[in-house]
1. Can you tell me the orientation of helix B:225-238 relative to chain B, as the angle in degrees between its alpha-carbon axis and the longest Cα principal axis, to the nearest 10?
2. Taking a ≥ b ≥ c as the square roots of the eigenvalues of the Cα gyration tensor of segment B:72-134, is the shape rounded (a/c under 1.5), prolate (a/b larger than b/c) or oblate?
3. Charges only on Cβ, +1 for Lys and Arg, -1 for Asp and Glu: so what's the dipole of the protein assembly as shown about the Cα centre, in debye to the nearest 20?
4. If we count every other residue with Cβ under 14 angstrom of B:Ile337's Cβ, Lys/Arg +1 and Asp/Glu -1, where does the sum land?
5. P(r) for segment B:186-265: what percent of alpha-carbon pairs falls in each 10 Å bin, starting at zero?
6. Could you do me a favour and compute the accessible area per residue for chain A, 1.4 Å probe, result in Å²?
7. Using amide H atoms built in the peptide plane, which far-off residues or other-chain residues are under 5 Å from A:Leu150 H to H?
8. Sort B:325-332, B:178-185 by the packing proxy (mean of other Cβ within 10 Å over each peptide's residues), most packed first.
Amino acid sequence: MQELASSHTISVLVDNEPGILARVVGLFSGRGYNIESLTVAQTDAKENLSRITIVTSGTPMVIEQIKAQLDRLVPVHRVRDLTVEGPHIERELALVKVKSTGEKRVEALRLADVFRAKVIDAKTDSFVFEVTGNSDKVQTFVGLMETLGLVDVGRTGIVAMSRGAEQL
Amino acid sequence: MKPEESATTGADLLVKALIDEEVEVVFGYPGGAVLPIYDSIFKQNRLRHILVRHEQAAVHAAEGYARSTGKVGVVLVTSGPGATNAVTGLTDALMDSIPIVCLTGQVPTHLIGNDAFQEADTTGITRPCTKHNYLVKAVGDLARTVHEAFYVARSGRPGPVVIDLPKDVLMNKHDYVAPKKPVQHKSYRPQTKPDPKKIEQAVEMIAHAKRPIFYAGGGIINSGPKASKLLTQFVRMTGYPVTNTLMGLGAFPASDKQFLGMLGMHGTYEANLAMHGCDVMINIGARFDDRITGNLGKFSPGSKKIHVDIDPSSINKNVRVDLPIVGDATLVLEEMIKVWKAKQPKTDQKALKAWWAEIETWRARNCLAYKSEKGTIKPQYALERLYHHIKDKDHYITTEVGQHQMWAAQFLKFEQPNRWMTSGGLGTMGYGFPAAMGVQIAHPDALVIDVAGEASILMNIQELSTVAQYRLPVKIFILNNQYMGMVRQWQELLHGSRYSESYMESLPDFVKLAEAFGAKGLRCHEPEKLDDTIKEMIALKHPVVVDVIVDQKENCFPMIPSGAAHNDMLLGPDDKAQKPVSEEGMVLV
């Protein structure tokens, strides 16, 4: 029986120390796992911890293996698979630069309004929009801008959190 | 007293920390970046330093030391090439779960990243080949880091740990920090105690088995000699058959009737068929390596599998198991025995009798038999004779990698753990000789033999200089067939006997070579003189190189060809024509 690959969002709490990101990324490349999205930043200054959110895909056996491999890294405190451990929310932020004038410029602004994207920079011939949401929404917005003078996109990758009161 | 007065240099702190970690021996090689450490070593006499002739050998020697004592092996090398030369040894230790702390020198912190002389990104290079590594950037962190490194190296699933030490850190001063006991790491806390519910379930499964087999690996050895005793006790209580992996040899006494020998690619017919046909498999401290399982899709298709491992990532990695148990082998076996004794389960004697009868028919095939030829030393015969002469002596065996290694695993019998040192996971040619040096350092009066091939031994032959310097009476027993035997065997099997580059031309005269290094050299061509040669080797209190000229064309059987299943073994040279290797199998190594 061939098991099907599916996408999982994994949160990893780690010591914020030099080399930790290389350790995690090296684990994925060395063992041939996918990284679809990766975000990392310090989240606890007092304890000096960082939170890494990884979106990866694989068969259930591979996902189980990824989690076990992450968990045995010495500076890793906790590994949680948000996809299997109950409902969670995911958000991504993108900065989208559009260069256009006339009708196209007006249309870009109108669509930005529909997507609740904020204008954070404006020149007479360009806008930079800030849009947040799940990846689908961000992707759709970027797609729409393509015909309206899209010149640059920067995306953060996914950050995620479980619903409810529970701590990671 | 002001702190400055009590403060010591980083190098002195390091030596003090090593002594506090009960380190007795360091295997190393000096260089610019570690000069302060060598100066500190010079000024004391608690810590013994063994000067090797190549950094790779330092790591293998530390591995031999660690594997034969259960202690952490310690290595000290310089920056740049010192560290990169150690990489093979570190990878070897990672694959075989050997506890090593490797101290590497580094250029001073202000030069890191400048492509300074003998600079290498050691933590970057060693990240994937260590269990963990550290770059110490301030002398204040040094002692604590060393203590943590020893804890990480020896606890949980053991492995190599690198501490990279910039030269200015070694020369700056700070107060010493003693190790804290017991260690409580903030994030690294391996689970050693098993879940009691799972122990109950396991005992239940084991008790109801009709065709059971114990499959025990290196995890038993790593857990300590007590684990071997408990395994032996439990296996005897149940009356079930048991097989060991290459790394697990010695975990169960080889002379016991319940022992089926080693399993896997060159394992015995009875062990592999029992694995294939069992209904309950009890894996303790083994990892379903591809050399064990053969074709995964056809691996032991009808069995329920219990897997005991201290490393959760080893479970369900290659083979899906029915009952995973995370824990230390000693604690798991203790609990299993306790529950077994409490429940006094009635095992199915009728089924077990039939199972043993089946196993005995496999055993009767005598799969390790070989054809003798007059006037030629068969490598198997050489090892049989070797075993005959050493079995009553306090002995340790190491090997290089190749045919001789598999024959040694098949023909030498191991009654106790920690007596067998071999490179299993990485398959490092050149491992055995330096490992034997490490064993001899730990056990000065024991008989330590490196079973070698003439190709492998040349990979670390420079260490003859080390054994001469320290008068280590290591014996090198070369099975010389003038081929890279295992390469030649695969070329015969898979590539139409086109022996591309596997013939060793211009081999040295090993007797003269030994003498050049101040060791003793012996050579033997004739089977009739083999016993005398072995006796002479054992009697000599020097390092000895024995060049045994063996049959050039002998192949190692039985064999599960790559891509085949356990019940699809080649038993001897006449078997191969009928079973061509599949294309799928050709891809595998």
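1. 20 degrees
2. Prolate shape, in that a/c is at least 1.5 and a/b is the bigger ratio.
3. 1680 debye
4. Numbers: positive: B:Lys226, B:Lys229, B:Arg236, B:Lys338, B:Lys341, B:Lys343; negative: B:Glu200, B:Glu334, B:Glu335.
Combined, the nearby Lys, Arg, Asp and Glu give +3.
5. Bin by bin from 0 Å, the calculated values are 17, 44, 32, 7, 1.
6. Result: 54 Å² per residue.
7. Here the answer is A:Lys99, since their amide H atoms fall under 5 Å of that of A:Leu150.
8. The peptides rank, most packed first, as B:325-332, B:178-185.
The values are calculated or read from the model by the stated rules, or taken from the named source; none is laboratory data. Remember, it's a predicted structure, so these values are computed and weren't measured experimentally. Backbone-built Cβ (ideal geometry, glycine too); neighbour counts: all protein chains shown. SASA here: full protein model, heavy atoms, side chains in, ligands and nucleic acids out. Shrake-Rupley method; radii C 1.70, N 1.55, O 1.52, S 1.80 Å.
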